[in-house]
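All remarks here apply to the structure that follows.
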Amino acid sequence: MRVGVQSGYHIHISSKSNGFHLNLREVWRYRDLILLLTRKTFKLTYKQTVLGPAWIVINPLMYSVAYMLVFGFIAGIGTDGVPQMLFYLLGTAIWGLFSYSLNSSSSTFFANAYVFGKVYFPRLTVPLSNLLVGLIKFAIQMILVVALIAIYTVQGVIHPHWILWLLVPFILLHLCFLGMGVGIILSSLTTKYRDLQILVSFGVSLWMYATPVVYPVSQVGEGVLRNAIMINPVTAPVELLRYVFTGVGSVDPVCLATSIAFTIAVAVAGIFMFNHVEKTFIDTV
């Protein structure tokens, strides 16, 4: 159905689309909306707070201190020679990016139903804007991490692989799309099964402990537990980033390839479910 003409092209709104149809050209035309949603989400997150965006740094710092006390001091788990504060702060920042991408995407339909029911725009703009918010928070946290890396490098405590820093943007996108893909699948399911909303935060917390965020892979013994951790699709990018930034880490090419394949599969499944649900979700949310 043709609903208007702008700048020499026609805009069509139709529910008859292929399950894997993304229409990235239309999403690109709404790039200003993505930036607007990103700015809005970022501002609302810290509205009416005393410290404001400073919580982006304070929060991971508090978690890192807690991890140092529990896992470092009490449990005595080593960090492969990496200073504890740097180890936990880096792990917290990496996991924060993934978990934010997953959690924010998992509430796409439910949290924005009041908007989706009133005006049309590409629904994919919402999870993409959340992805940008997560990247901004990660970049701010990494300022402190990079400062610590510089200090410990000068002292000769760590030896980062500087040339591999060129891979960092690709690894971060890998993590973001993995989190967003899983989140979109969960968002599509929660339109009918509200129970999943309650289980998401709990499941993400469990997932973190199944990922070498607060412990290195070297501290995990051989056997079923180690195999389960290595199969975890988040393990490979986390270990690879740690290897790049600190020079310490266990990078398994097979696990990395498996993680990338899993991310692609999740993205394809997420796109299919997203396109299917967005046509009728307003009747069930």
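Values for this structure:
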read-out	value
Qualifying residues in region 209-230 (those that are under 18 Å from the mean Cα position of the chain (by Cα) and surrounded by fewer than 19 Cβ atoms within 10 Å (Cβ to Cβ)) - the one nearest to S259 (Cα to Cα)	A210
Residue match in region 186-197 (condition: β-branched (V, I, T) and either closer than 20 Å to T258 by Cα or modelled with pLDDT of 85 or more (or both))	no
Subset of region 49-83 (residues that are within 20 Å of the chain's Cα centre (by Cα), β-branched (V, I, T) and modelled with pLDDT of 85 or more)	V57, I58
Wholly enclosed helices (runs of 4 or more DSSP H) of region 55-142 bearing at least 1 residues under 25 Å from H159 (Cβ atoms) and of a type in the set (S, T, Y)	55-67, 84-106
All positions within region 231-270 that are part of a helix (DSSP H, G or I), in contact with a helix residue (DSSP H, G or I) (Cβ under 8 Å, 6 or more places away or on another chain) and surrounded by fewer than 19 Cβ atoms within 10 Å (Cβ to Cβ)	I231, Y243, L256, T258, I260, F262, A267, A269
Any pair with Cβ under 6 angstrom, 6 or more apart, that starts in region 159-177 at a residue that is farther than 21 Å from L131 by Cβ and in a helix (DSSP H, G or I) and ends at one that is modelled with pLDDT of 95 or more and among the charged types (D, E, K, R)	none
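The values are calculated or read from the model by the stated rules, or taken from the named source; none is laboratory data. Here the structure is a predicted model, which is why all the values come from computation and not from measurement. Neighbour counts are summed over all protein chains in view; Cβ atoms, including those assigned to glycine, are modelled from backbone coordinates with ideal geometry.
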